[in-house]
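The structure appears below as structure tokens.
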Amino acid sequence: MAKISKKVKPLVMLPLSALFFFSGVVMAQATTYYVATRGNNSNSGTAVDTPFLTIQKCADLMVAGDTCTVADGTYTVPDAKGIVVLIDKHAGTPSQPITLKSTNPLGAHVVLTSRPSSNHGIYVAQNYWIIEGFDVSGGANNSLQAVHSGFTLSGTVGTVIRRNTIHHIAWTVCSNAVYGNVGVFLDSASSATIVGNVFHNIGRLRNGESGCSTNINGNDHGIYSSTSPGLTVKRNIFHDVTRGWPIHVFKSGGGTTNNLNIYNNTFANQGPSGTNPRQGHIVLTGTVNNSNIKNNISYDGFLGMIHCPTGTYTNVVVDHNLSDKAINTMPCPVGVTFANNLTSTSPGFVSAGTDDYRLAAGSAAIDAGVAIAGVAYNGAAPDIGADEFPGQGGDFSPPLAPIGLVIH
């Protein structure tokens, strides 16, 4: 019988990248893009000295894990859609979100368009994006069809809006439009996190203000959440959001909100007397289930902090909050539980008159909160409010103004 000869081939060491290829594992290299007002969309956009001109160019290119950093300057695009930045091309993942950020905190200014219909600063329609550090303002159309929104989250999952300043949205508008103007609008956006932002001066002119004649009051808000489950709002400052509510949970025709968490925020100011200011700083309507409102400061609200005029509530816990007035503006229905709250208590700010809402030494809010998973703090216990004494502390605390300086 003839022998069958077997030739043994020498062992070949494949490059590591090839091994990953044959095993079905793809190792993607994340890309950082750059945008500047001196840029050009024909540039590569991948180096500081070859930036893109528009934020939209970045938004269209980025995939999971990528980052776009936007240099100081003013960015607005008066396009046919009324959107400065439209995020609708690619999604991130929970482990590889896509990040769009201002290179220097609040150095990149996004200015809303002013069309006689919808006007949006940054419109997010893809999952797992982080938007960080922008100054967002503008919107000035008086049309009955006009609406102005700093951020809009439409049907997204896992969006993070952090350390932005959102201000003077529709601030000069005189209109009877029933549509609201808002800092952040969430439309069926799941598991969003709004953290470390400052909201101020949002909403149209009141009747008689700067010569305006209108019969609309209270339709404009800081955050408007429409059936957005798993929303977390923490360590934000809201002041002079007095044309409606800083936080409004509502769905026209009825809707359900599950797992809403409002932690460690500071709310300040109400509308001037005689203009029918909206009661409280947080209004809950519709059906609200399994939600928590903890460690918040309410200062100078109309009657109190929480307003629950109509709705059905199950396991809504209002705990360890501080108000210089009451906590609830009216008796809330069964299903809302109040415990461990401080009422008729001054928060002890550094200087509320100049919008400096840091806690001063001796504040009753210091170490008076309750520990919450995912909310960092200093000291023996969490402080109540957005600030963690003795200054900016905790997780993504808001970008605060220097002492004696008003944010505009």
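The values are calculated or read from the model by the stated rules, or taken from the named source; none is laboratory data. Keep in mind it's a predicted model, so treat the numbers as computed, not measured. Glycine gets a Cβ as well: all are built from the backbone with ideal geometry, and neighbour counts include every protein chain shown. Just so you know, the surface numbers come from the protein's heavy atoms only, side chains and all, with ligands and any DNA or RNA stripped out. Shrake-Rupley method; radii C 1.70, N 1.55, O 1.52, S 1.80 Å.
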ask   = Can you name every residue in region 120-129 that is in contact with a Pro (Cβ under 7 Å, 6 or more places away or on another chain) and either open to solvent by less than 20 Å² (accessible area, probe 1.4 Å) or modelled with pLDDT under 95 (or both)?
value = Trp129
query = Which members of region 319-333 meet the condition of being more than 21 Å from Gly348 (Cβ to Cβ) and part of a strand (DSSP E or B)?
reply = Asn328
task = Answer yes or no: is there a residue in region 380-391 that is of a type outside the set (S, T, N, Q), open to solvent by 30 Å² or more (accessible area, probe 1.4 Å) and at pLDDT 95 or above.
result = no
ask   = Is at least one residue of region 218-230 part of a loop (DSSP other than H, G, I, E, B), among the aliphatic types (A, V, I, L, M) and either surrounded by fewer than 24 Cβ atoms within 10 Å (Cβ to Cβ) or touching a residue at least 24 places away in the same chain (Cβ under 8 Å) (or both)?
value = no
ask   = Looking only at residues in region 242-259 that are assigned to a loop (DSSP other than H, G, I, E, B) and without any contact (Cβ under 8 Å) to a residue 40 or more places away in the chain, which one is nearest to Thr193 (Cα to Cα)?
value = Asn259
ask   = Can Arg278 be described as open to solvent by 10 Å² or more (accessible area, probe 1.4 Å), among the charged types (D, E, K, R) and either assigned to a strand (DSSP E or B) or touching a His at 6+ places or on another chain (Cβ under 7 Å) (or both)?
value = no
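For (1) farther than 19 Å from Ser228 by Cβ; (2) in contact with a Ser or Thr (Cβ under 9 Å, 6 or more places away or on another chain), each residue gets a yes or a no:
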site	(1), (2)
Val77	yes, yes
Val85	yes, yes
Lys89	yes, no
Ile130	no, yes
Ala146	yes, yes
message = Which of the numbered conditions does Ser114 fail, given that it passes all the others? Conditions: (1) over 21 Å from Thr172 (Cβ atoms); (2) at pLDDT below 95.
response = (1)
key: Pair list, Cβ < 6 Å and 6+ apart or interchain, from region 173-200 residues that are more than 20 Å from Ser252 (Cα to Cα) to residues that are of a type in the set (Asp, Glu)   = His200/Asp240
note = Within region 285-306, residues under 26 Å from Glu388 (Cβ atoms) and open to solvent by less than 30 Å² (accessible area, probe 1.4 Å) come out as Ser291, Ile293, Asn295, Asn296, Ile297, Ser298, Gly301, Gly304, Met305, Ile306
task = Select from region 318-357 the residues that are in contact with a Phe, Trp or Tyr (Cβ under 7 Å, 6 or more places away or on another chain), open to solvent by 40 Å² or more (accessible area, probe 1.4 Å) and modelled with pLDDT of 95 or more and list them in ascending order.
result = Asp324
ask   = Among Ile216, Ile202, which is in contact with a strand residue (DSSP E or B) (Cβ under 6 Å, 6 or more places away or on another chain), at negative phi and not polar (S, T, N, Q)?
value = Ile202
